[in-house]
Amino acid sequence: MSQFFESIKWQDGEFYLLDLHQKRVDRTMQKHFPNAEKIDLKSVLNVPNGIKTGLFKVKVIYDYELISVSFDAYKVKKHKQVKLVENDTISYAFKSTNRADLEKPMHGNVDFDDVIFVKNGLLSDASYSNIVFFDNQKWYTPMECLFEGVKRKSLLNSGKIEEKSIKVDDLKLFSKIAFVNAMRDFEYVYDFELNGNQLYLKESSCDI
């Protein structure tokens, strides 16, 4: 049986984007377990004793019922070098615990710290985040994403980013890249240079 999960940001007493997480759980349950009882995140997210402040990743695992809830201290990782990986068959429409296809390119790797998948000639997502690019005027995210993340959705709803089909050759039109997901926003923004199939990143800054 398939299992699914949510990674929810908790920081200093607050759960972030909980409404979007709940909508995604509801969609997943309706698709895969239509006769199961609804999982209400607000009722199952209980902060453990002793946790008062800090940044934590709250992982909720479920199938037709809740399986587990865990709180783990979290630190946003930096990127330095990212590899473009072509895969025309990769699919990750729901947040499944089976991430083998996403993680396979990283096995045994020592030359890069993340990948960006290129599907049918178009950029999609990194291995654990959506991506956004800056053209010195606006931020854009690939329209053909593998997974519709909650942070991506929130940024689209607020008008801070826009969707756009992005080819590899279009990378020359952009000056900056950032990686966003439920746990990370624009803490790190990078200038980048494409050399072959790899992006070399340098920390930068940009208002958003």
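Rule-based calculations on the coordinates, nothing more; no lab input. Keep in mind that this is a model prediction, so the values were computed, not measured. For neighbour counting, all protein chains shown are included, and Cβ atoms are generated from backbone atoms with ideal geometry for every residue, glycine included.
Looking at segment 1-51, which trypsin sites (Lys or Arg not before Pro) are DSSP coil and have at most 12 other C-beta atoms within 10 Å of their C-beta?
Passing both the DSSP loop test and the Cβ count: Lys38.
Hey, which of these cross-link pairs are over 19 Å Cα-Cα: Lys57/Lys164; Lys77/Lys202; Lys59/Lys95; Lys138/Lys172?
Lys57/Lys164
Using only the Cα atoms of segment 1-136, build the gyration tensor, take square roots of its eigenvalues as a ≥ b ≥ c, and label the shape rounded, prolate or oblate: rounded if a/c is under 1.5, else prolate if a/b is larger than b/c, else oblate.
Since a/c reaches 1.5 but b/c is at least a/b, the shape of segment 1-136 is classed as oblate.
Taking loop as defined by DSSP and a crowding limit of 16 other beta carbons within 10 Å, which trypsin sites (Lys or Arg not before Pro) in segment 61-154 fit?
Lys75, Lys77, Lys78, Lys80, Arg99, Lys138
Select from Pro48, Pro34, Pro142 the residue whose mean-square fluctuation is largest in a Gaussian network model of the chain (Cα-Cα springs shorter than 10 Å).
Pro48
Distance between the C-alpha centers of segment 1-47 and segment 77-111? Whole Å please.
24
Please order Thr97, Thr28, Thr53 by the number of other Cβ within 10 Å, starting at the fewest.
Thr53, Thr97, Thr28
Applying the Karplus parametrisation 6.51 cos²θ - 1.76 cosθ + 1.60 with θ = phi - 60° to the phi angles of segment 126-141, what ³J(HN,Hα) value in whole Hz is obtained for each residue in order, glycine and proline being reported as x?
Coupling constants for segment 126-141: 7, 5, 9, 7, 7, 10, 9, 10, 10, 10, 6, 10, 9, 9, 10, 10 Hz.
Check which residues have an amide H placed less than 5 Å from Met183's amide H, if you skip close sequence neighbours.
Residues meeting the criterion, in which the H sits 1.01 Å from N, do not exist here.
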